[in-house]
Amino acid sequence: MNKTTYFYKTLTALCLVAASQFITSNASATAQIFSSAISKGIKVTSCQSCHSGSPGQEDKGNLKTNYLNAYKLDQSGLSRLKNLINGCPTGQVLNQTTFLCTASVPAKPKTVSGAVGSSTSGAAKTDVYAVSCAAGSSSLAVSVSDMPPVKAPIVSIQATKGFSTSALSQDNKDGDGKFSPEVKLAGGSGVYNMRVNKGASTVTGAETYTAKFACRNAAGVQTGTTWTIKQNQ
């Protein structure tokens, strides 16, 4: 055997030994983290809960998205990793940078202001808005406030979808800044019509209003809500 051949065979053998030690070291470290994670209440069933790739080949390079960042921020307590894997308690959300659970802020209902009616007539008129409720929605809730100036006509609101109609909600005290009782129509996701009505009166002129509306899921949490006006009277 010449010296060159001997050198390359020796180098190959050393690389194989080093590689096997690296894999063993990483697998051992991962197993320790796995045991620690279980002891701290993290819901994992195997190393593959946190790693992608083949079993036995787990290392920091194939941790799932954000897992390494959460682990680095708290390597001993693993509280951030626990938040990421287990999720946050009800009413809290996960900060995707710090991996801490913080109180969620309920989304505010949407509002839209307008005027319904004619400056030369006291006839009943209706503004219609198309309100789109995102997937996961179960209902649309609406209410209305009759804004100053104070006039005799009554302003009311209701939601419709297909052949279904919510109860009618009217603001009986004009100009106080308060909204009428909330009514809802449980029509699932999709497009609703929100109708803002001005009652017939001997008093001419338009009535100004602010409508308040929100799509919500079955748990009452607001979902995606968008709108556009369909009929402006």
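Semi-axes of the equivalent ellipsoid of segment 40-157: what are they in whole Å, largest first, if each equals the square root of 5 times a C-alpha gyration tensor eigenvalue?
55, 15, 11
Would you calculate a helix-derived [θ] at 222 nm for the chain, using -39,500 (n - 2.57) for each DSSP H run of n ≥ 4 and dividing by the full residue count, to the nearest 500?
Taken over the chain, the calculation gives -7500 deg cm²/dmol.
Report D for segment 110-231 in µm² per second (integer): Stokes-Einstein, Kirkwood Rh on Cα pairs, 25 °C, 0.890 mPa s.
Translational D for this selection: 171 µm²/s.
How high is the FRET efficiency between A200 and K108 when r is their beta carbon distance and R₀ equals 45 Å, given to the nearest 0.05?
0.85
Could you compute the net charge surrounding G87? Neighbours are other residues with a C-beta less than 13 Å from the C-beta of G87; K and R count +1, D and E count -1.
Net charge around G87: +3.
How big, on average over all directions, is the shadow cast by the Cα convex hull of segment 90-129, in nm²?
Across all orientations, segment 90-129 yields a mean hull projection of 5.4 nm².
Restricting things to Cα coordinates, could you compute the convex hull volume per residue of the chain in Å³?
Cα-based convex hull of the chain, divided per residue, equals 199 Å³.
Rounded to the nearest 0.05, what FRET efficiency do S39 and A219 give with R0 = 41 Å and r taken as the Cβ-Cβ distance? Could you check?
0.80
Just want to confirm a number: the relative contact order over segment 110-231, from Cα pairs under 8 angstrom separated by 6+ residues, in percent.
44
Based on alpha-carbon centroids, what's the gap between segment 56-98 and segment 35-54 in Å, whole number please?
11
Anything over 19 Å Cα to Cα? Flag those among K125/K230; K151/K230; K60/K82, in the order listed.
Pairs exceeding the cut-off: K151/K230.
How much length is gained if the chain between N69 and N232 is pulled fully straight, taking 0.36 nm per residue apart and subtracting their Cα-Cα distance, in nm to one decimal?
Extending this stretch completely gives an extra 53.5 nm.
Tell me the label-point distance for the pair S121, N95, using the 7 Å Cα-to-Cβ offset, in nm and rounded to one decimal.
Using points 7 Å along Cα→Cβ, the separation is 5.7 nm.
Starting from segment 42-101, pick out the trypsin sites (Lys or Arg not before Pro) whose DSSP state is loop and whose Cβ has at most 11 other Cβ atoms within 10 Å.
Those satisfying the criteria are K43.
Assuming R0 = 35 Å, can you tell me the calculated FRET efficiency for the pair N62 and A134, based on Cβ-Cβ distance, to the nearest 0.05?
The calculated FRET efficiency here is 0.50.
Plugging the Kirkwood radius over Cα pairs into Stokes-Einstein for segment 140-202, at a temperature of 4 °C and a viscosity of 1.567 mPa s, what D comes out in µm²/s?
106
From Cα coordinates alone, what are the radius of gyration and Dmax values for segment 96-152 in angstrom?
Cα-based Rg and Dmax for segment 96-152 come out at 18.9, 60 Å.
Coordinate-derived values only; no laboratory data. Here the structure is a predicted model, which is why all the values come from computation and not from measurement. Cβ: placed from backbone, ideal geometry, glycine included. Neighbour counts: every protein chain shown.
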